[in-house]
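Where a number appears in this text, it was derived from the coordinates with a stated rule and is not lab data. The structure displayed is predicted, hence computed values, not measured ones. Here Cβ is always computed from backbone atoms with ideal geometry, including for glycine, and neighbour counts include all displayed protein chains.
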Amino acid sequence: MKKEMNRFLTIWAIGLAVVCLSFGAHGRAAEKDCNVFISCGNPYDCCNNGTQEQDGNCTWWAWKMMYDRWGYRAPTWHNAGQVWLDGAQQAGLPTGDGNSPRVGSVFVQSGHVGWVFKVDGNTIYTTQMNCGYPDQYTSEQNDYKTYDITTQTFLGFIYPPDGSGPVPDTGVTKCYDTAGNVIICPDSGEDYYGQDGNYTINPPSYTKLDSQGYVLSVAATSWAMVLDNVTGLYWEAKQNKDGASHYDNPHDADNTYNWYDAQNIFIKALNDANFGGHCDWRLPTNKELAFLVDYSIAYPGPTINMTYFANTVSSYYWSSTTYANTPDDAWLVDFYDGYRLWYCKSYSDYVRAVRGGQ
């Protein structure tokens with residue numbers, strides 16, 4: 001049996017309702033040192049728009065969250081307000097009116113923008129920054145701000161991009177009949193034609209890179225990053241899978257983090273170190289992480305190309321994507337069998353960083 005008994009399936013089997021850890025209401029004043037929140041490439045200033053602290057920086061935070069959670073580099077839309085909705089629509093992002101919040105969206109008010117991480121009826125839970133005020137709401141755990149959309153006016157909400165980029169092939173090349181027997185893949189017009197094994201579209205292709213981003217041979221025995229030649233994403237290579245965690249090395253394959261620490265500790269360490277010459281590392285989205293799964297590999301895996309992604313553990317890896325129905329949960333990909341599932345953000349699991357995106 002799977003060593004962890006598959007948490008998700010076990011919970012459903014015994015009929016228990018999981019209650020994730022919930023943390024206190026808003027109110028803790030956050031640091032105004034913007035170096036605490038690396039946002040490399042952000043076109044907006046952080047608490048430094050001009051000479052006065054009151055100049056604010058809500059746009060900086062909203063841009064950062066779009067990149068961290070969506071992998072989307074938004075254009076510069078200047079001051080917060082209607083111009084953000086107009087700019088988002090011109091950029092092809094989906095938007096909604098002021099009564100249609102969604103988990104993982106940007107809210108837009110007159111002169112203000114922020115991030116929506118939870119929706120509970122008419123109440124939205126947000127993180128945001130505004131350096132002209134004593135409280136900075138920058139943590140989903142204990143430092144957030146709530147609004148009632150029936151009493152507060154919102155111009156609208158900006159939703160994540162639809163994701164129209166190239167999708168890597170699944171890796172499946174075998175064909176099957178209805179009994180599950182492997183068969184010679186049929187031709188057009190024959191029985192069982194049209195299944196996954198009949199098609200190879202955007203076959204996976206990777207390149208090993210050293211710590212400076214230089215291309216290495218596929219035979220290289222040591223590498224720091226992997227370039228996905230189909231999606232254009234850059235992935236962190238993990239090291240030293242030996243069953244023992246070493247948190248002094250953020251690349252150690254055995255390190256696990258809860259969802260919050262995965263970003264506030266693990267990702268921050270990579271960006272602070274300018275890993276690979278870049279400071280825009282983040283957790284992958286649910287889809288980006290799933291694109292790494294090689295579905296031709298059976299459990300117990302790891303269900304990934306180990307030539308390039310050596311030291312992968314056959315277990316759960318965090319994505320940046322919150323589960324919309326229960327925002328205390330987030331999506332994971334299980335490299336034991338390739339399945340995707342969601343679980344409490346307070347639980348510790350494995351991580352792999354990525355950079356790049358739209």
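With all pairs of separate Cα atoms included, the stretch 78-185 yields a Kirkwood hydrodynamic radius of 16.5 Å. With r as the distance between the Cβ atoms of VAL167 and TYR193 and R0 = 22 Å, compute the FRET efficiency 1/(1 + (r/R0)^6) and round to 0.05. The pair TYR193/VAL167 has a calculated efficiency of 0.55.
Between ILE201 and THR221, what's the calculated FRET efficiency when r is the beta-carbon distance and R0 is 30 Å? Round to 0.05. Show your work: numbers first, answer last.
Values: r = 32 Å, r/R0 = 1.05.
Plugging the Cβ-Cβ distance into 1/(1 + (r/R0)^6) gives 0.45.
Each label was represented as a point 7 Å from its Cα along the Cα-to-Cβ direction; for TYR214 and ASN240 these points are 2.5 nm apart. Quick one: in the stretch 243-342, what % of C-alpha pairs are over 21 Å apart? For the stretch 243-342, the fraction of Cα-Cα distances above 21 Å is 37 percent.
With the simple spin-label model, which puts each label point 7 Å out from Cα in the Cβ direction, the ASP272 to ASP248 separation comes to 1.5 nm. Need the list of aspartates and glutamates near LYS345 for cross-linking: C-alpha distance under 14 angstrom, and skip anything on the same chain fewer than eight residues off. Partners found: GLU140, ASP261, ASP328, ASP329.
Starting from the Cα-Cα distance between ASN325 and THR146, subtract it from 0.36 nm times their residue separation and give me the gain in nm to one decimal. Don't skip to the end; give the middle numbers.
Working: separation 179, 0.36 × 179 = 64.44 nm, distance 1.78 nm.
Net length gain for the segment: 62.7 nm.
Beyond 24 Å in Cα-Cα separation lie the following of the pairs LYS208/LYS241; LYS118/LYS241; LYS64/LYS268: LYS118/LYS241. Take the convex hull of the alpha carbons in the stretch 311-358; its mean projected area over all directions comes to 4.1 nm². The label-point distance for CYS279 and LYS174, in a model that sets each label 7 Å from Cα toward Cβ, rounds to 4.9 nm.
Please quote Rg/Rh for the stretch 228-281 to two decimal places, taking the Kirkwood radius as Rh and restricting both calculations to Cα atoms.
Values: Rg = 11.9 Å, Rh = 12.1 Å.
On the Cα set of the stretch 228-281, Rg over Rh gives 0.99.
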